[in-house]
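The numbers here are math on the coordinates, done by the rules we state, and not lab data. Since this is a predicted model, take the numbers as computed values, not measurements. Neighbour counts are summed over all protein chains in view; Cβ atoms, including those assigned to glycine, are modelled from backbone coordinates with ideal geometry.
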Amino acid sequence: MDKLLITGGTRLNGVVRASGAKNAALPILAATLLTKELITIKNLPHLHDITTMLELLGSMGCGVVVDEKMSVQLDVSTLNNCEAPYELVKTMRASILVLGPLVSHFGKAIVSLPGGCAIGSRPVDLHLRGLEAMGATISVEGGDIVASVDGRLKGARIFFDKVTVTGTENLLMAATLADGQTILENAAREPEVVDLAECLIAMGAKITGHGTDTIVIEGVEALHGTSYPVMPDRIETGTFLVAAAITGGKVRVIDTNVKSLEAVLSKLEEAGAKVSSGEDWIEVDMEGRRPDAVNISTAPYPAFPTDMQAQFVALNSVANGVGRVIENIFENRFMHVDEMLRMGADIEVTGNTAIVRGCERLKGAPVMATDLRASASLVLSALVAEGDTKIDRIYHIDRGYECIEEKFGALGAKISRVLN
Ligand code: EPZ
């Protein structure tokens, strides 16, 4: 089992390129199921979750051709089954994103009910209720979601009780081929939802209001092929900017999207970082200073993203002062804390709130990754800890961060992948 070995104490300095966004690529790959014409998706990140999604599409009989630059051409005209089996779904719950496109385009789908994961129970009731409102018949049989519709789905007015990113994406995709108008209210506004909508529009869908909490879709008879580049990964970008702030260094992230990180950039400035940006780059210069602690409260976009919460717990753990971090989205997203306590962090978790008292130095220790973003925060902590840190179960990291040791190594980090 691979591990990451990191020796702390180096100020990061340099330029790193943002990869394509995992959480935009996954729904966009699912959206290719909505057309039988050839479709090319570009700027895909080379991540395990992307490979899993391509495997899933291939298992349905779709033609999948990947080139060396991780552009993929998909041919859905050869699709011969509408099933997402447990073996694949259990490794990646975002497989649920094929449900809406399959029902809408092929009238049926059997998708294994995604289990919970480390950060929470992760229900999909809002996805299912929305599809039923559009006329789908849905049952859960032997752990599988079995969905079908005679003819086309019908446009409907759907109000989400909770803001759900993939719920919004599933129903947005289903609505593109439905008969009539669909209105999604209290919809997710995340940039990844907007990227999906832009891809669907490039395929001929009629969508307005994406990026607001009310999305209106006029169903069309068919969608056509296109060639579409996935947006840059804002969470990867934010993680590298926090790495500069936590080590007192200076890092510029290029090929990224400045407008998708306002809440994070404002917190980095509050922590004392000098933040500058251009058309497709963002730079954090900490000028050798120790960061100041900041208070964080996660919420749906455009507020502070839950996927950056663990990274800021790491920042606060070596900051001047005390920072309060409140996790409002997922019920169990502080698992990185126990591992950071092993490194000498002073953090107290009560319910969904972590009180982080900054200390001068963390100490390297063997730690274990528990989920994708938590594992990134362990890398950040290890970068500033005294001595060596060995991070186990780094398959969590490989799900969301492309070539993490190469990218951090290029910024001066002492990091390597070891077998044990
Ligand atoms: C997406 O997950 C992202 N994953 C997550 O990123 C991200 O943390 C999350 O949105 C929040 O921004 C992808 O886009 C593939 P939700 P998603 O539905 O869509 C509740 C990462 O690190 N809910 O927005 O599954 C749910 O329990 C991952 O890349 C229901 O109750 O999250 C949660 O409390 C982790 N019923 C809240 O809504 C539903 O039917 C928000 O979840 C759906 C969701």
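When the Gaussian network model of the chain links Cα atoms closer than 10 Å, the mean-square fluctuations of 283, 360, 402 top out at 360. Taking a straight line from the alpha carbon of residue 414, these lysines sit under 18 Å away, with near neighbours fewer than eight places off in the same chain left out: 3, 250, 363, 390.
Ordering 226, 350 from the fewest to the most neighbouring beta carbons within 10 Å gives 350, 226.
With all projection directions averaged, the alpha carbon convex hull of segment 268-371 covers 7.3 nm². Under the convention that each Lys and Arg Cβ holds +1 and each Asp and Glu Cβ holds -1, the size of the dipole of the chain around its Cα centre is about 720 debye. Counting beta carbons within 10 Å around each of 1, 308 and listing the fewest first gives the order 1, 308. Its Cα centre serving as origin, segment 262-416 has a Cβ charge dipole (Lys and Arg +1, Asp and Glu -1) of approximately 460 debye.
Got a sec? How would 79, 4 order by Cβ neighbour count within 10 Å, fewest to most? Placing the least packed residue first, the sequence is 79, 4.
What the Kirkwood sum gives for segment 123-164 is a hydrodynamic radius of 11.1 Å, with every pair of different alpha carbons counted.
Ranked by the mean number of other Cβ atoms within 10 Å of their residues, highest first, the peptides 239-249, 210-220, 335-345 fall in the order 239-249, 335-345, 210-220. Working value for segment 73-154: equivalent-ellipsoid semi-axes of 20, 17, 11 Å, each the square root of 5 times a Cα gyration tensor eigenvalue, largest first. Which values of log₁₀ I(q)/I(0), to two decimal places, follow from the Debye formula for segment 123-243 at q = 0.22 Å⁻¹ with a uniform point scatterer at every Cα? Those come out to -1.24, one per q. Taking all Cα pairs closer than 8 Å and separated by 6 or more residues, the relative contact order of the chain comes to 21 percent. With a threshold of 25 Å on the Cα-Cα distance, the over-threshold entries among 69/206; 69/108; 22/90 are 69/206; 69/108. Taking label points 7 Å from Cα along the Cα-to-Cβ direction, residue 218 and residue 77 give a separation of 2.9 nm.
Rounded to the nearest 500, what is the 222 nm mean residue ellipticity of the chain from helices alone, with -39500 (n - 2.57) per DSSP H run of 4+ residues and division by all residues? Taking each H run of at least 4 residues, the total per residue is -8500 deg cm²/dmol. For the pair residue 129 and residue 185 in one chain, pulling the backbone fully straight at 0.36 nm per residue adds 18.8 nm over the alpha carbon distance. Normalising by residue count, the chain has a Cα convex hull of 123 Å³ per residue.
Here, segment 107-186 has an Rg and a Dmax of 12.6, 39 Å when only alpha carbons are counted.
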